[in-house]
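One structure is given here, and the rest of the page talks about it.
The values are calculated or read from the model by the stated rules, or taken from the named source; none is laboratory data. Given the structure is predicted, the values throughout are model-derived calculations rather than measurements. For the accessible areas, the whole protein counts, side chains as well, though only heavy atoms, and no ligand, DNA or RNA atoms are used. Shrake-Rupley method; radii C 1.70, N 1.55, O 1.52, S 1.80 Å.
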Amino acid sequence: MSFSPPPVLPTTPPRPASWWQRRVVEPVRNILRQGLTPPQLALTVAVGVPLGLVPILGITTLLATFAAVRLRLNVAATLLVSHLMSPVQLLILIPLLRIGARLLGNGQGPELTMSQLRRLFAHDWGSALALLWRAGA
């Protein structure tokens, strides 16, 4: 009786990771591997989400870092959660600025629309950021 080895199947190279896998899933996995307990993870998300929605551009990192240090949370996890909220922050920025102008300034604020912001950012970043800072203040 002769014994023949099993046929060798060709191996396919692993697929490269997608952008979502590299930028979101893997950082979250790495943070969870650092030993966050479920209550710490819940508090991190509970702190990171509202701080990520603060409608003043550029202050998110400072607020999230301060809160994470003060509450003894993982700073990287808190920053990750707060910055994952950036698309939502940008979506609610103009409506919140309009509400603020009505509440505080008799509606006399800079009239902002998405098309205006897009045009400003396409042609002049400096004036677009200055306009957003003035509107936020």
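The figures follow:
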read-out: Taking only Cα atoms of region 23-76, radius of gyration then Dmax in Å; value: 11.5, 32
read-out: Accessible surface of region 1-89 [probe 1.4 Å, protein heavy atoms]: carbon and sulfur percent; value: 70
read-out: Accessible area expressed per residue, region 4-91, with surrounding protein chains retained (probe 1.4 Å, Å²); value: 71
